[in-house]
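Readers should treat all values here as calculations from the given coordinates under stated rules, not as data from a laboratory. Given the structure is predicted, the values throughout are model-derived calculations rather than measurements. When we count neighbours, we look across all protein chains shown, and the Cβ atoms used for this are built from the backbone with ideal geometry, even at glycine.
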Amino acid sequence: MFDKQEMLEKLTGIQSSRKSYYTELNYLVEEMKKKNSQLAVINQLTQIQINASWPETSIYIASQLKQILPLEHFALSLVKGGTRSTYLSRWNGTEWQCQTLIEAASADMSLNQTRLHASLQEVLIDHAATSVPLHSPRQQNFGFLTILHQKEEQLSGEEYELFLLTASHISVCVENILLFQDVHEKVKIEAQLVQSAKMAAIGEIAAGIAHELNSPLTAILGNSQLLLREMGTSSATPLMNDIYRCGVRCKKIIQNLLTFSRQEEYQFEIVSIDDVVEDALGLIGYQLTVSGLAVHFEASPSPLSFYGSRHQIEQIIINLLLNARDALAGKEDPQITIRSFHHQEDDRSYVGLFVHDNGSGISPDHLPQIFQPFFSTKERSKGTGLGLSVSLGIALAHGGKLTAESESSHYSRFTLLLPQLSDEEVHDDEETNPDRR
Ligand SMILES: Nc1ncnc2c1ncn2[C@@H]1O[C@H](COP(=O)(O)OP(=O)(O)OP(=O)(O)O)[C@@H](O)[C@H]1O
Ligand SMILES: [Mg+2]
């Protein structure tokens, strides 16, 4: 039979006198709690979001590791394609902030680690760095996790072991993110290739057909006009008129096809967006207002200029206005609003223009397709489905963008953004070419 003391020792694993029994028990409980929180953190670390950015991933790992290791700052480094990218997460007392350092990588990973420590110490002078490697399943070292701590606070042996253990878990997650990015990039490139091959093929066919059709069409249009003049009013006049109208429509299609395949050359110059809107309204404004549409143009208070083809941008605006007119057919209180404005995005200035209508809107199913060549919801006699794809092509060729937003039965808004010229650039041009204006 065990005596009472022996029994307690066997049950609790604590060999001690009754006096220190509770102290040891408390110590054991604390140790268990620590191990539990370490397990919880390791579990959390395996849940790194696969589509997160690297700075987000670095901050996530830093915030988790801070709960179980004595770290002040943290760095995630990845060696890939000849560069070493380091995502340094720093705690500023209230939140984590991540800084990216990109440097040339060496083929020798231990040299990479030495250089990494050197560059981290340049940023955080009074800190010491402790790194553990990130390994792929084939034991290839593809990066590091680095803890940055005060020089006098070295990691204990036990803490270093724990850091190594967490690194093996994090390696798997980081590898998954790298794989995800690779696949994602490949899918994107493939889609771009298919799209550009499709566009190139369509462009080539379109240009060929357009050139072939141009001369016979000129004859059809010229002759039908002559005949119309000669025949005066007769029973055949409506038929001849029809031939002429159809000829004009074909001409428009050919024009679009040629622009689409970029076979036509346009002159680039400094243009004011408001002037182009005025020109476009001069051409079709009357046609719109007689159909009962209210057209408002709200010009930006400051002048907005871009470098491009006046004629091509006018074509975009006309395409957008004609689409708005079609979408407003049969609507009560049909309105088109055009507004020019300044837009700032990613440190770049843009000349912005939107055309807004309160017409039929575009269904969510159709919205992703409207910029595709030959996509049209209109009757065959009304739409070729080239207007928006031509317009998008022009916008991109100007280094700009054309986007659409819409709500079925409520509104459609097309926004054109073109790189803006600064006042100095416009001024310099006016000085060197005084007769341009
Ligand atoms: N403002 C708008 N409101 C509602 N739908 C629109 C609007 N603009 C474009 N769409 C939709 O996008 C489709 C494609 O437009 P796009 O201008 O490319 O061709 P289209 O107008 O049909 O023909 P085309 O312009 O070549 O004569 C249209 O058929 C229409 O369904
Ligand atoms: Mg159109």
- For Ala105, list long-range residues whose amide hydrogen, built 1.01 Å from N in the peptide plane, is under 5 Å from its own amide hydrogen. Thr83, Arg84
- Note on the structure: Expressed in Å to one decimal, the Kirkwood Rh of the stretch 187-260 from all distinct alpha-carbon pairs is 14.5
- Please give the calculated 222 nm ellipticity per residue for the chain, where each DSSP H segment of at least 4 residues contributes -39500 (n - 2.57) and the sum is spread over every residue; nearest 500 deg cm²/dmol? -17500 deg cm²/dmol
- Env charge @ Leu134, Cβ radius under 14 Å, K,R +1 / D,E -1, value +2
- Query: Taking amide H positions as placed 1.01 Å from N in the peptide plane, with prolines and chain starts having none, which residues 5 or more places from Phe341, or on another chain, fall under 5 Å of its amide H?
  - Reply: Gly352, Leu353
- Query: Which number comes out as Rg/Rh for the chain once both Rg and the Kirkwood Rh are worked out on C-alpha atoms?
  - Reply: 1.22
- In which sequence would Asp182, Asp347, Asp326 go, from the one with the fewest C-beta neighbours within 10 Å to the one with the most? Asp347, Asp182, Asp326
- Item | Cα→Cβ-extended label distance, 7 Å offset, between Ser235 and Glu345, nm | 6.0
- Under DSSP H, which helices of the chain have Cα atoms covering 20 Å or more of the helix axis and a Kyte-Doolittle average no less than 0.5? 273-290
- Query: What's the FRET efficiency of Ser168 with Gln121 using the Cβ-Cβ distance as r and R₀ = 22 Å, to the nearest 0.05?
  - Reply: 0.25
- Distance (nanometres) between label positions extended 7 Å along Cα→Cβ at Glu269 and Ser106: 6.0
- Message: Could you list Leu228, Leu148, Leu258 so that the one with the fewest beta carbons within 10 Å of its beta carbon is first and the one with the most is last?
- Response: Leu228, Leu258, Leu148
- Cα→Cβ-extended label distance, 7 Å offset, between Ser20 and Asn223, nm: 11.6
- Using the number of other C-beta atoms within 10 angstrom as an exposure proxy, rank Tyr307, Tyr286, Tyr60 with the fewest first. Tyr286, Tyr307, Tyr60
- Using the eigenvalues of the Cα gyration tensor, what equivalent ellipsoid semi-axes result for the stretch 43-176 when each is taken as the square root of five times the eigenvalue, whole Å, largest first? 19, 18, 15
- Query: Which pairs break 28 Å Cα to Cα here: Lys33/Lys80; Lys10/Lys33; Lys33/Lys66; Lys331/Lys378; Lys188/Lys378?
  - Reply: Lys33/Lys80; Lys188/Lys378
- With bins of 10 Å, the percent of all Cα-Cα pairs of the stretch 304-437 per bin from 0 is 12, 39, 31, 13, 6, 0
